[in-house]
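Novice: What follows is a structure written as structure tokens; I'll ask about it next.
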Amino acid sequence: MEKNMNLESLLDELGPQFEENAPNVDRENSFVESNLLILKDKGAYKALIPTSLGGGGVSYSDLCYFIKNLAKYCPSTALTFSMHQHLVAVLTFKFLNGDDGAKKTLEMVAGKDLVLLSTGGGDWVSSNGSAEKVDGGYKVTCIKPFCSGSPLANVAVMSCAFKDSDGEKVLHFSTPMSSDGITVLDDWNAMGMKGTGSNSIEFKNVFIPEEKVALIRERGKWHPVWNVVSTLAFPIFIAPYAGIAESITEKTVMLLNGRPTKASFSKASLGEMHNNYQITNWALDGLIANAKNLDIKPDADSASRALQAKSIITKHGRECAQAAMEALGGYSYSQKCGIERLYRDLLAGEFHPMQAGKQKEMLGNYLIGGELAE
């Protein structure tokens with residue numbers, strides 16, 4: 001029997017060197033390619049894939065916590081890594097539920113060490129772009145922003161708006177990044193998460209064979225696919241933000257420990273920081289438990305819980321960081337401190353779906369008998 005991959009020992013081995021380089025990545029606005037290649041070489045990119053298909057055989061929950069803890073060393077590395085892994089998680093779930101297509105894809109990902117790319121949910125319910133039906137498939141034209149890990153990716157997993165005689169639809173498809181008409185735009189220059197290589201991907205009349213179209217659904221309406229994505233993908237790509245909040249908490253306590261902290265606001269801010277950290281941590285635990293290690297039939301209930309937990313993590317993560325900076329005072333504002341860099345990275349969490357206002361609206365509608373919607 002093959003032994004499952006040990007993610008804890010991998011983190012102990014690689015984490016410190018990733019942490020040492022993280023300030024340089026932020027300062028130079030450079031892609032964390034070397035970190036990701038090391039993770040790939042160590043087999044981490046196929047960690048979740050069952051051993052029977054050539055993967056590492058780790059559990060879903062262990063992968064989520066590995067990503068959280070990886071973010072304590074280098075947030076950009078953790079987030080970029082998570083964008084591949086959330087796609088693998090959905091494929092693994094499908095395989096475990098008898099999907100032969102998912103089995104073949106996972107075998108190919110493991111066997112060829114492929115890196116998968118998406119918008120991290122940015123396509124969402126309505127998607128964008130346009131698609132034209134042609135012989136044998138579709139021609140797709142669109143620009144997809146926030147594609148983390150784009151310089152290293154092999155396969156794009158995307159969606160595109162499509163209008164046919166029955167109305168507005170959305171195509172879900174996959175295609176090699178080497179396909180004619182695909183361009184990585186090199187336009188990632190952001191406030192935080194600078195090392196993620198989250199460039200926009202431009203598709204110009206890219207041919208998508210019919211067999212590469214996984215789903216055609218009605219545009220702008222909630223579809224069961226989003227129950228799966230919300231329940232299983234969200235814990236993976238939100239885990240880095242809980243890790244950042246934990247890192248900020250630990251670093252702040254370390255910086256203040258032993259110093260004369262006579263100002264009562266500093267102590268109160270420290271307590272406020274830890275309260276918000278605990279809320280963030282508990283929300284992540286609940287979010288991961290909600291996925292039941294892939295032994296689940298995702299539905300609107302599990303999806304709504306996932307969306308709610310995501311909002312709690314991003315909100316209280318920010319409040320944790322703000323309180324930490326108040327406790328540290330002016331020192332927190334300097335790059336030397338390191339907290340301001342983590343704070344900027346943390347802010348990116350809000351911009352994954354769903355943003356707070358929309359999540360509250362969706363949940364409110366669901367609580368009074370409506371459907372989850374965009």
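Novice: Given the conditions (1) open to solvent by 10 Å² or more (accessible area, probe 1.4 Å); (2) part of a helix (DSSP H, G or I), which single one is not true for residue 188?
Specialist: (2)
Novice: Let me ask something additional. Among the numbered criteria (1) closer than 18 Å to residue 293 by Cα; (2) of a type outside the set (Val, Ile, Thr); (3) in contact (Cβ under 8 Å) with a residue 40 or more places away in the chain; (4) open to solvent by 10 Å² or more (accessible area, probe 1.4 Å), which single criterion is violated by residue 54?
Specialist: Just one mismatch for residue 54, condition (1).
Novice: Still on this model: Tally the residues that are under 24 Å from residue 74 (Cα atoms) and surrounded by fewer than 23 Cβ atoms within 10 Å (Cβ to Cβ), restricting the search to the range 200-246. Outline the logic, then answer.
Specialist: Going through the range 200-246, the residues under 24 Å from residue 74 (Cα atoms) turn out to be 200, 232-246.
Then keep just the ones that are surrounded by fewer than 23 Cβ atoms within 10 Å (Cβ to Cβ); that gives 200, 246.
Qualifying residue count for the region: 2.
Novice: Cβ-Cβ under 6 Å, sequence separation 6+ or interchain: first residue in the range 186-213 and among the β-branched types (Val, Ile, Thr), partner in a loop (DSSP other than H, G, I, E, B) and at pLDDT 95 or above. Which pairs?
Specialist: Sorted first by the residue in the range 186-213, then by its partner, the pairs are 196/148; 206/179; 206/181.
Novice: Do you know which residues across the range 113-125 are more than 15 Å from residue 143 (Cβ to Cβ) and either at pLDDT 95 or above or open to solvent by 20 Å² or more (accessible area, probe 1.4 Å) (or both)?
Specialist: 113, 114, 115, 116
Novice: Which of the residues belonging to the range 57-98 are open to solvent by 30 Å² or more (accessible area, probe 1.4 Å) and of a type in the set (Lys, Arg)?
Specialist: 72, 94
Novice: Moving to a separate point now. Output the number of residues of the range 295-333 satisfying the condition of being part of a helix (DSSP H, G or I), open to solvent by 10 Å² or more (accessible area, probe 1.4 Å) and farther than 24 Å from residue 361 by Cα.
Specialist: Count: 8.
Novice: Look at residue 36 and say whether it is more than 18 Å from residue 238 (Cβ to Cβ) and touching a residue at least 60 places away in the same chain (Cβ under 8 Å). Before the answer, list the steps.
Specialist: Values: more than 18 Å from residue 238 (Cβ to Cβ): yes; touching a residue at least 60 places away in the same chain (Cβ under 8 Å): yes.
So residue 36 fits the description; yes.
Novice: Follow-up question, since we're still on this one. Can you name the condition, by its number, that residue 22 falls short on among (1) within 15 Å of the chain's Cα centre (by Cα); (2) open to solvent by less than 10 Å² (accessible area, probe 1.4 Å); (3) within 21 Å of residue 342 (Cβ to Cβ)?
Specialist: Of everything listed in (1) within 15 Å of the chain's Cα centre (by Cα); (2) open to solvent by less than 10 Å² (accessible area, probe 1.4 Å); (3) within 21 Å of residue 342 (Cβ to Cβ), residue 22 misses just condition (1).
Novice: Conditions first: (1) within 28 Å of residue 145 (Cβ to Cβ); (2) in contact (Cβ under 8 Å) with a residue 40 or more places away in the chain; (3) among the acidic types (Asp, Glu). Residue 361 passes all but one, so which condition is the exception?
Specialist: (2)
The values are calculated or read from the model by the stated rules, or taken from the named source; none is laboratory data. What you see is a predicted model; the values in this text were computed from it and never measured. Counting neighbours? That spans all protein chains shown, and the Cβs are built from the backbone with ideal geometry, glycine included. Just the protein is used for accessible areas: all its heavy atoms, side chains included, with ligands, DNA and RNA removed. Shrake-Rupley method; radii C 1.70, N 1.55, O 1.52, S 1.80 Å.
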